[in-house]
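The structure appears right after this line, and notes come after that.
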Amino acid sequence: MPDSIDGQLTKYLTDAHSIEEQALQQLRTAPKIAKDEQLGRVYSEHYAETQEHERRVRERLEARQADPSKLKDLVARAGGAAMILFARANPDTPGKLTAHAYSYEHMELATYDLLALVADRAGDEETADMARSIRDEESAMAQRLAASFDRSVEASLREIDPDDLDEQLVKYLADAHAIEGQGIQLMEQAPAIAGESGLAEVFSEHLKETRGHQTVVEARLEAHGARPSRIKAAALRLGGLEIAGFFAAQPDTPPKLAGFGFAFEHIEIGSHEQLKRVAARVGDEDTVTAVEAIIASEHAMAGALRAQFEPAIDASLAERI
Ligand SMILES: [Fe+2]
Ligand SMILES: [Fe+2]
Ligand SMILES: [Fe+2]
């Protein structure tokens with residue numbers, strides 16, 4: 001574990017690099033899964049941007065790290081970083097793909113926010129400027145995806161018989177229930193890693209809210225006469241999104257935990273945005289209203305986590321110097 005600020009900066013850069021490499025892999029297949037021309041174009045265009053990101057980050061790494069063999073090593077090791085656990089999720093419908101990509105862009109956004117803050121403190125202006133300029137492109141991509149939620153749900157439902165829509169809604173509700181379950185795990189385990197800090201408090205506060213979200217979703221499942229076995233099946237389906245895996249991978253630092261939490265909130269937002277649209281198609285206004293309230297709470301949590309990036313960076317650098 002590097003203990004100097006320069007070592008930290010190099011580590012954040014290698015993380016950013018491996019995240020871009022994962023993004024390239026995913027964006028290569030995304031246009032096919034999108035099943036929508038316009039959405040496919042959104043992915044293809046970001047593929048070109050992502051190639052640039054990878055190149056720019058690699059150049060900064062090369063500029064900072066004189067020994068290329070050591071650099072190769074660093075990059076390879078970062079491949080196992082907890083932040084890229086997301087990449088294992090295997091979205092199979094246009095809607096799930098959009099939700100996944102939406103959260104992935106937010107994970108990148110968080111990565112570059114953190115990188116910029118570390119670069120500021122290391123006095124590396126060039127890296128800080130690069131991080132903020134890439135961050136803005138990730139943010140713009142996330143916005144384009146958010147603007148595509150309607151299209152992606154349409155594409156997902158196109159082949160579904162209208163009579164089966166209620167059944168679909170139950171499936172989306174069961175998935176939402178499972179995601180909130182993952183959220184509860186995250187909120188329960190995060191404070192121990194965050195230490196005594198504002199960050200720990202933010203997680204603890206959201207634990208209560210997350211339990212509330214799950215209860216609300218459960219009530220909507222009951223309203224649709226769904227059996228508990230449906231909930232269980234959805235929890236199993238969610239294998240790609242292993243929060244427990246995140247913690248098992250490595251006891252990560254508070255700044256990365258904040259970044260991961262921020263991305264996680266956007267997984268929730270992305271999937272709830274899908275759920276909301278499916279509920280609207282079925283004419284289930286109660287679910288629409290309930291889900292809108294949950295989405296607002298996830299956005300608030302994401303904002304609260306982002307506000308912790310800077311204090312978390314300062315605390316973790318103070319510890320190491
Ligand atoms: Fe990128
Ligand atoms: Fe991106
Ligand atoms: Fe949440």
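The values are calculated or read from the model by the stated rules, or taken from the named source; none is laboratory data. Note that this is a predicted model, so its numbers are computed, not measured. Glycine also receives a Cβ, built like all others from the backbone with ideal geometry; neighbour counts cover every protein chain displayed. In case anyone asks, the SASA skips ligands and DNA or RNA and just uses the protein heavy atoms, side chains included. Shrake-Rupley method; radii C 1.70, N 1.55, O 1.52, S 1.80 Å.
Summary of values
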| read-out | value |
| --- | --- |
| Residue within segment 176-189 that is more than 19 Å from the chain's Cα centre (by Cα) and away from ligand 1 (no atom under 16 Å from the Cβ) present | no |
| Enumeration of residues in segment 282-310 that are open to solvent by 20 Å² or more (accessible area, probe 1.4 Å), part of a helix (DSSP H, G or I) and within 30 Å of Tyr12 (Cα to Cα) | Ser297, His299, Ala300, Gly303, Ala304, Arg306, Glu310 |
| Hey, Glu222 away from ligand 1 (no atom under 16 Å from the Cβ), in a helix (DSSP H, G or I), modelled with pLDDT of 95 or more and charged (D, E, K, R) or not | no |
| Output for segment 1-31, where each listed residue is aliphatic (A, V, I, L, M) and away from ligand 2 (no atom under 12 Å from the Cβ) | Met1, Ile5, Leu9, Leu13 |
| Sole residue being away from ligand 3 (no atom under 16 Å from the Cβ), assigned by TED's automatic domain parsing to the domain that holds Ala300 and modelled with pLDDT under 90, chosen from Ala248, Ala280 | Ala248 |
| Qualifying residue in segment 100-112 (condition: within 10 Å of ligand 2 (Cβ to nearest atom), among the small types (Gly, Ala, Ser) and in a helix (DSSP H, G or I)) | yes |
